[in-house]
Amino acid sequence: MRGLPFLRFLHARPAPLWLRRLGWMLALWAGGVAALFLVASLIRAIMHAAGMR
């Protein structure tokens, strides 16, 4: 850890519970948006390959 001074914040006191919950909610929301985007892209690619435009 001597060579990575920017990791010092990992040893600070933990974040408050509301901030951790907010972080998890944002991560889950972003994951859901990414999953929907991937599914929509896949459906669009299949439709394009099938000639449905």
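The values are calculated or read from the model by the stated rules, or taken from the named source; none is laboratory data. Since the structure is predicted, the reported quantities are computational estimates derived from the model, not experimental observations. Areas reflect the complete protein model, heavy atoms only, side chains present, ligands, DNA and RNA absent. Shrake-Rupley method; radii C 1.70, N 1.55, O 1.52, S 1.80 Å.
Of the residues making up segment 18-53, those that are part of a helix (DSSP H, G or I) and either among the charged types (D, E, K, R) or at positive phi (or both) are ARG20, ARG21, ARG44.
Conditions tested, residue by residue: (1) open to solvent by 70 Å² or more (accessible area, probe 1.4 Å); (2) under 16 Å from the mean Cα position of the chain (by Cα); (3) at pLDDT 95 or above.
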site	(1), (2), (3)
ARG2	yes, no, no
LEU7	no, no, no
HIS11	yes, no, no
PRO16	no, no, no
LEU19	yes, no, no
TRP29	yes, yes, yes
PHE37	yes, yes, yes
LEU42	yes, no, yes
ARG53	yes, no, no
